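So the structure is just underneath, and the comments pick up after that.
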Amino acid sequence: MLQTSNYSLVLSLQFLLLSYDLFVNSFSELLRMAPVIQLVLFIIQDIAVLFNIIIIFLMFFNTFVFQAGLVNLLFRKFKGTIILTAVYFALSISLHVWVMNLRWKNSKRFVWTDGLQTLFVFQRLAAVLYCYFYKRTAVRLGDPRFYQDSLWLRKEFMQVRR
Amino acid sequence: MGRKQVRPPRALPPVPSAIQDDIPLSRPKKKKPRTKTTLASASLEGLVQTAVHRPSEGSELPTKDPREHPEAPVQRRQKKTRPPLELETASTQKKASSASLLRNENGLSVEPAEDPVIQKPRRKTKKTQPAELQYADELGVEDEDIITDEQNSPEQQSVFTAPTGVSQPVGKVFVEKSRRFQAADRSELIKTTENIDVSMDVKPSWTTRDVALSVHRAFRMIGLFSHGFLAGCAVWNVVVIYVLAGDRLSDLPNLLQQYKTLAYPFQSLLYLLLALSTVSAFDRIDLAKTSVAIRNFLALDPTALASFLYFTALTLSLSQQMTSDRIHLYTPSSVNGSLWAEGIEEQVLQPWIVVNLVVAVLVGLSWLFLSSRPGMDLSEELMFSSDVEEYPDKDKGIKPLHNANSPSE
């Protein structure tokens, strides 16, 4: 069974990483006095997303559903979060690489092209969706039903075996 | 009351709730032979004791006599005969048995008169508890567990005979906890079994579900704040733009000059607030349950509409990032390397102003929609409500399979 204190700790860590992500997405364009600042912000942001992915998978592994062997069930339930997080991670890295490539010599340069603008919009939209789905999943995994036997789980198990 | 003198030591029961359907305690039957036994052993002066105490769950224990201290450690314990009624708990059993065994080997005697005297009050307190409880059967003592031996013939009393003798119900029950048997008080266990119906309602004060719920509500509060703040900011922004642009956008260079320090910070702030508001609005309609969200949207539910408007506003606002950066980097066209060629201002700024106006209208409308039903939160209803009726079953722990509700995504 998931301990309340552990869950609170993990949840606060997840929210901290999400807040950092939101903060960098919002204000990274302002903090470009030197290219290094943006580079560091971006690197930490990507690592934060990676950490969040690792944490959510560790939480999956901790559930009774997973330990009962119903990995597919768990992934089916949270496939939205998993896919969106992966997509967002890919979009973030590509945008960061592109922006840093353009701004590395002169951070005050006007670098926007239509392609960059499009990628920017998609990355920021994905960030909002990622935030929503990730937050929801993290909160959802606090449900004690994921950590114990239940009739629902047995039914699912029977369906899988069939 | 069969005479089972040569019985192998019984293994401890695997689970505490092993069903034994006999009367928990059978006092009158037992009492008589026991006094006989002790008297008999007294008459034998403790040379060999026939009444062997087996460390089963069904033996009652008097307090350990302080006079009966072991004089030397003895290793052979369970297989030897030893005097009865010296055992108290699982841990003290060993000590006591070694003590009594030693006495046997050394030919020491026990005080026979003392044991029945000590035991009487104990038994009385025992009997009252199980009698009034239905669960007592499970935790009680089986009749055949209690072995008495009335015969004290010398041929049986060899040192190497298998354990025989009297056993009595003990106050301990051995419960398997984390792969180890631990002695638990029988009366306590009976009490807890009895009180389950009462304690069922007393939940652990702070569960993971409560944490999740409180976090969810805290975020909803932040979202509520950001809805209003965003609407105000957007309207203020549009007002500032139109004031700076002058009558019929006649003074665009002035707008650029004045607004260029404000443009990018405001764009960032707008994104932050829009992101918060959008996530909060999605929470309210529970977007992850697509069918419910679409149904609500088609039914023109204000919250669903607000979510859609927020998302549109977010997209529109993001699409102006390039222009915002251009304004941010504004230098008069006379300056070398300026992004703003002569006469390009209106062409660039016109759509930007319109988009800002539309965004302000959208977030204002969303705020109005949301504030018309500020309490609506489908996520909370769908995610957490189904848990409520399940909780009694869960806390009981006896039948956790009642609810077939699947936890939502």
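Consider segment B:234-264. How many of its residues are within 21 Å of A:ARG32 (Cβ to Cβ) and away from every other protein chain (no Cβ under 14 Å)?
Filtering segment B:234-264 down to residues within 21 Å of A:ARG32 (Cβ to Cβ) leaves B:256, B:259-264.
Adding the requirement that they be away from every other protein chain (no Cβ under 14 Å) leaves B:256, B:259.
Residues flagged as within 21 Å of A:ARG32 (Cβ to Cβ) and away from every other protein chain (no Cβ under 14 Å) within segment B:234-264 amount to 2.
Test each condition in (1) crowded, with 19+ Cβ neighbours inside 10 Å; (2) facing chain B (nearest Cβ under 10 Å) for A:SER12 and report the one that comes out false.
(1)
Collect the residues in segment A:106-135 that are of a type in the set (Lys, Arg) and either free of Cβ contacts under 8 Å to residues at least 40 places away in the same chain or in contact with a helix residue (DSSP H, G or I) (Cβ under 7 Å, 6 or more places away or on another chain) (or both), keeping them in residue-number order.
Within segment A:106-135, the subset of a type in the set (Lys, Arg) is A:108-109, A:124, A:135.
A:ARG109, A:ARG124, A:LYS135, listed by residue number.
Could you go through segment A:66-89 and let me know if any residue there is of a type outside the set (A, V, I, L, M, F, W, C), at the interface with chain B (Cβ under 10 Å from one of its Cβ atoms) and not in a helix (DSSP H, G or I). Give the steps one after another, and end with the answer.
Taking segment A:66-89 as the starting set, the residues that turn out to be of a type outside the set (A, V, I, L, M, F, W, C) are A:67, A:69, A:72, A:76-77, A:79-81, A:85, A:88.
Keeping just the survivors that are at the interface with chain B (Cβ under 10 Å from one of its Cβ atoms) gives A:76-77, A:79-81.
Subsequent filtering for residues that are not in a helix (DSSP H, G or I) retains none.
For segment A:66-89, residues of a type outside the set (A, V, I, L, M, F, W, C), at the interface with chain B (Cβ under 10 Å from one of its Cβ atoms) and not in a helix (DSSP H, G or I): absent.
Collect the residues in segment A:149-158 that are touching a residue at least 24 places away in the same chain (Cβ under 8 Å), assigned to a helix (DSSP H, G or I) and either acidic (Asp, Glu) or at the interface with chain B (Cβ under 7 Å from one of its Cβ atoms) (or both), keeping them in residue-number order. Give the steps one after another, and end with the answer.
Taking segment A:149-158 as the starting set, the residues that turn out to be touching a residue at least 24 places away in the same chain (Cβ under 8 Å) are A:149, A:153, A:156-157.
Now drop any that are not assigned to a helix (DSSP H, G or I), which leaves A:153, A:156-157.
Within segment A:149-158, just A:GLU156 meets the criteria.
State all residues of segment A:116-148 that are among the β-branched types (Val, Ile, Thr), facing another protein chain (nearest Cβ under 7 Å) and under 17 Å from the mean Cα position of the chain (by Cα); if no residue qualifies, say none.
Step one: of segment A:116-148, the residues among the β-branched types (Val, Ile, Thr) are A:118, A:121, A:128, A:137, A:139.
If we keep only those that are facing another protein chain (nearest Cβ under 7 Å) too, we end up with A:121, A:128, A:139.
Passing the criteria: A:VAL128, A:VAL139.
I want to confirm something. Restricting to segment B:265-286 and keeping residues that are over 18 Å from B:LEU365 (Cα atoms) and more than 8 Å from chain A (Cβ to nearest Cβ), which single residue is modelled with the lowest pLDDT?
Ranking the candidates gives B:ASP286 first.
Any idea how many residues of segment A:30-55 are surrounded by fewer than 20 Cβ atoms within 10 Å (Cβ to Cβ) and either over 20 Å from A:VAL87 (Cα atoms) or within 9 Å of chain B (Cβ to nearest Cβ) (or both)?
Counting residues in segment A:30-55 that are surrounded by fewer than 20 Cβ atoms within 10 Å (Cβ to Cβ) and either over 20 Å from A:VAL87 (Cα atoms) or within 9 Å of chain B (Cβ to nearest Cβ) (or both) gives 10.
Would you mention how many residues in segment B:241-252 are part of a helix (DSSP H, G or I) and either exposed (fewer than 15 other Cβ atoms within 10 Å of the Cβ) or at pLDDT 95 or above (or both)?
So the count comes out to 3.
The values are calculated or read from the model by the stated rules, or taken from the named source; none is laboratory data. All of these numbers come straight from a predicted model, not from anything done at the bench. A quick note on method: Cβ atoms are made from the backbone with ideal geometry, for glycine too, and the neighbour counts reach across all protein chains shown.
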